[in-house]
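Read the structure below first, then the notes.
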Amino acid sequence: MPFMLYDVAGPVGDRDYSLARTVQIAGTNGPLKRVHDRSVPPSPHPFGWHANGADIVAALHGSTPDQEVVIDLKPRQKGNLSLYRLRSVWGFTYEWWTPLALHLETIFVDQEVEDPQSAKARFSDHGTTRDQVGEFLYVQGGFVGGTWNWGMVGRVNGALLWSDALHYLVPRLASAVGSAGPAV
């Protein structure tokens, strides 16, 4: 699941996207860890934190405010274009791992295209539905340490949610997805 940084111009619904570069948001030097580190409470214990899409962009080296992170959910599916804008991330950090709730906004969902690579290089969001969706993932890092790389469950990254993480993540994601309209 590649994460890509796009230069954007124009209002939502008529916004032009131009691929700047592919980015890593996980890892010990990634923006998720940097945003997390700014949220660490004085005494280590499991805790929740939040970053919006602009926070993630700002934590990427070499980024500018007029950029957005977009996720390619189906990069290996021939002829398929499935791009989702990253709106927000909530994390619940334990000692060695962190389950995450991602608030995503649809740009293209299972759109058939002849050449997905060139379609991803430059596009417009004109006529897109901008539906709000959520996804749960996890990274293998917490307030004690770890790689902060994505966790693996076969070819899918799944997060087991204990009650404290579940009670923190689910209402926030449900509220964001249920009440959020297209954002500028």
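The values are calculated or read from the model by the stated rules, or taken from the named source; none is laboratory data. None of the values given here were measured: they were computed from a predicted structure. For neighbour counting, all protein chains shown are included, and Cβ atoms are generated from backbone atoms with ideal geometry for every residue, glycine included.
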Among the residues of the range 131-143, write down those that are in contact with a Ser or Thr (Cβ under 6 Å, 6 or more places away or on another chain), assigned to a strand (DSSP E or B) and surrounded by fewer than 19 Cβ atoms within 10 Å (Cβ to Cβ). 140
Looking only at the range 64-90, count how many residues are out of contact with any Pro (no Cβ under 7 Å at 6 or more places or on another chain), in contact (Cβ under 8 Å) with a residue 60 or more places away in the chain and either more than 17 Å from residue 2 (Cβ to Cβ) or not hydrophobic (A, V, I, L, M, F, W, C) (or both). 5
Pairs returned, first residue in the range 10-25 that is over 23 Å from residue 148 (Cβ atoms), second residue that is of a type in the set (Lys, Arg) and modelled with pLDDT of 95 or more, beta-carbon separation under 8 angstrom, 6 or more apart or interchain, are 16/122; 17/122; 18/122; 19/120; 19/122
Could you list, in sequence order, all residues of the range 137-165 that are modelled with pLDDT of 80 or more and of a type in the set (S, T, N, Q)? 140, 147, 149, 163
For a quick check of your reading of the model, give me the residue pairs whose first member lies in the range 153-177 and is buried (at least 17 other Cβ atoms within 10 Å of the Cβ), whose second is modelled with pLDDT under 70 and not hydroxyl-bearing (Ser, Thr, Tyr), with beta-carbon atoms closer than 9 Å and at least 6 apart or on different chains. 159/153; 165/159; 169/159
Restricting to the range 16-40, and then to whatever is in a loop (DSSP other than H, G, I, E, B), closer than 14 Å to residue 57 by Cβ and of a type outside the set (Val, Ile, Thr), can you tell me which residue is farthest from the chain's Cα centre (by Cα)? 30
In this structure, does residue 35 turn out to be crowded, with 20+ Cβ neighbours inside 10 Å, among the β-branched types (Val, Ile, Thr) and in contact with a helix residue (DSSP H, G or I) (Cβ under 7 Å, 6 or more places away or on another chain)? yes
Which residue, of 105, 114, is farther than 18 Å from residue 23 by Cα, part of a strand (DSSP E or B) and among the charged types (D, E, K, R)? 105
Taking into account only those residues within the range 6-15 that are in contact with a Lys or Arg (Cβ under 9 Å, 6 or more places away or on another chain) and farther than 11 Å from residue 57 by Cβ, which is modelled with the highest pLDDT? 9
Of the residues that make up the range 112-130, is at least one among the aromatic types (Phe, Trp, Tyr) and surrounded by fewer than 19 Cβ atoms within 10 Å (Cβ to Cβ)? no
Given the options 109, 133, 139, name the one that is touching a residue at least 12 places away in the same chain (Cβ under 8 Å) and touching a Phe, Trp or Tyr at 6+ places or on another chain (Cβ under 6 Å). 139
Looking only at the range 41-85, which residues are aliphatic (A, V, I, L, M) and either assigned to a loop (DSSP other than H, G, I, E, B) or buried (at least 19 other Cβ atoms within 10 Å of the Cβ) (or both)? 51, 56, 57, 59, 60, 69, 70, 71, 73, 81, 83
